[in-house]
Amino acid sequence: MKKYPLFQVDVFTSELFGGNPAAVCLLADWLPDHLMQAIAAENNLSETAFVVPQGEAYGIRWFTPKLEIQLAGHPTVGAAHVLFTERGEGRRRIEFHSPAGVLPVERRDGRLWLDMPAAAPQPVPAPDNLARGLGCTPLEVFRDRDYLVRLEREEDVLALRPDFQVLSAVECLGVMVTAPGQRCDFVSRFFAPAAGVNEDPVTGSAHAMLVPYWAERLNRSTLLARQLSSRGGTLHCEAAGERVRVGGECVTYLRGEIGLPD
C-alpha cells in the first residue's frame, strides 16, 4: 500500500473550526485523474488540493467532490500554509503552477497572500432560474466564470435560503451574492451546487470578481471582505490592475496520511 501525506487546514480564519476547510495532499507525481477525483469525493470538502514539486515551484490541481476546477483560492492558500508550517519551506514566497497560470503565495504582515488573475465580469440579464433559485430580485447581475449578484443590504445576503435544485441548473460553476458590509467594505456568499458544494464557506477565487467590482464602486484598492457562511471568514483584499491579492490566516486541523493500493 502506498501512503501519501494529507492535511486539513481551516483557511481565512485565525480560529479552529472557522473559515473554509481544505484538504491538501502532497504527492511526488500526479496520480491518475480518476483517483484524485475519488480522493476528493471521499474527503467531501469544498476542494482537495493536490501538490507536486516542480523544480523550485510546485504544481497544484483542485478537485471538488464532483469535478476538477480551473481556479481555487482557499486550498491554494491552505497548500502554502502546509508547505510553510509542515514542510519547512523557508522562502517568503511560493509559486504554484496551475491551470489558471502561476499563482504566487507570500508571507506578509502575519498573513498568507494569494496573487491571482483578476476577472472581468460583464453585466448580463438574470436567467429566470438564477433569481428563482436564489429567491430574490437582483439589483445587478454580472457574469464571468461565475455569476455575481448584487443585493442592496448585508441583511439581504444573510437572509437568502436558496433552492439548490433550481440553482444547480444555472449554467455556471457558482453564484456569488454580494452587498455592502456594515463592518467591512463588502460581504458575500457563494453557492455551487452543480460542483457538489451547496454553499462554500469562504471562496478565495470568487474575490477575483468581487474585488475589482467593489474597488471600482468604492474607489479604493484596499478592501476588507467577509463571507457570511455559517463558519464565516475574513479576507484582506488588494486590487492591483489585472491581478487581485487576497490575504488571510490559516489553522491546521488534521495531519495524517491516506493509504492507496499499489
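You will find that of V77, V82, V105, the residue that is under 17 Å from the mean Cα position of the chain (by Cα), over 20 Å from H207 (Cα atoms), at pLDDT 95 or above and not polar (S, T, N, Q) is V82 and no other. Selection of the stretch 24-43 for residues being among the β-branched types (V, I, T) and within 16 Å of S98 (Cβ to Cβ) yields only V24.
On the stretch given as the stretch 76-97, residues that are in contact with a Gly (Cβ under 8 Å, 6 or more places away or on another chain), open to solvent by less than 20 Å² (accessible area, probe 1.4 Å) and assigned to a strand (DSSP E or B) total 1.
Scanning the stretch 139-155 for residues that are assigned to a strand (DSSP E or B) and aliphatic (A, V, I, L, M) returns V141, L148, V149. When D10, D33 are screened for being of a type in the set (D, E) and open to solvent by less than 10 Å² (accessible area, probe 1.4 Å), only D10 passes. Take the residues in the stretch 102-121 that are in a strand (DSSP E or B) and in contact with a Leu (Cβ under 9 Å, 6 or more places away or on another chain), then tell me which one is farthest from V52 (Cα to Cα). Residue satisfying both the conditions and the ranking: P117. Does A126 satisfy the condition of being in contact with a strand residue (DSSP E or B) (Cβ under 8 Å, 6 or more places away or on another chain), of a type in the set (A, V, I, L, M, F, W, C) and not in a strand (DSSP E or B)? Yes, satisfied. For the stretch 6-29, filtering for residues that are more than 22 Å from the chain's Cα centre (by Cα) and in contact (Cβ under 8 Å) with a residue 24 or more places away in the chain leaves 1. Residues in the stretch 172-201 that are assigned to a loop (DSSP other than H, G, I, E, B), touching a residue at least 40 places away in the same chain (Cβ under 8 Å) and out of contact with any Ser or Thr (no Cβ under 7 Å at 6 or more places or on another chain): L173, G181, R183, C184, D185. Of all residues in the stretch 209-227, those satisfying the criterion of being outside any helix (DSSP H, G or I) and open to solvent by 30 Å² or more (accessible area, probe 1.4 Å) are N219, R220, S221, T222, L224, R226. Among the candidates P75, P32, the residue that is under 22 Å from T13 (Cα atoms) and not charged (D, E, K, R) is uniquely P75. Could you list, in sequence order, all residues of the stretch 44-57 that are part of a loop (DSSP other than H, G, I, E, B) and either open to solvent by 50 Å² or more (accessible area, probe 1.4 Å) or within 15 Å of P99 (Cβ to Cβ) (or both)? Once the filter is applied, which keeps residues that are part of a loop (DSSP other than H, G, I, E, B) and either open to solvent by 50 Å² or more (accessible area, probe 1.4 Å) or within 15 Å of P99 (Cβ to Cβ) (or both), the stretch 44-57 yields N44, E47, G55, E56.
The values are calculated or read from the model by the stated rules, or taken from the named source; none is laboratory data. Since the structure is predicted, the reported quantities are computational estimates derived from the model, not experimental observations. Every residue, glycine among them, receives a Cβ derived from its backbone with ideal geometry; neighbour counts consider all protein chains shown. Just so you know, the surface numbers come from the protein's heavy atoms only, side chains and all, with ligands and any DNA or RNA stripped out. Shrake-Rupley method; radii C 1.70, N 1.55, O 1.52, S 1.80 Å.
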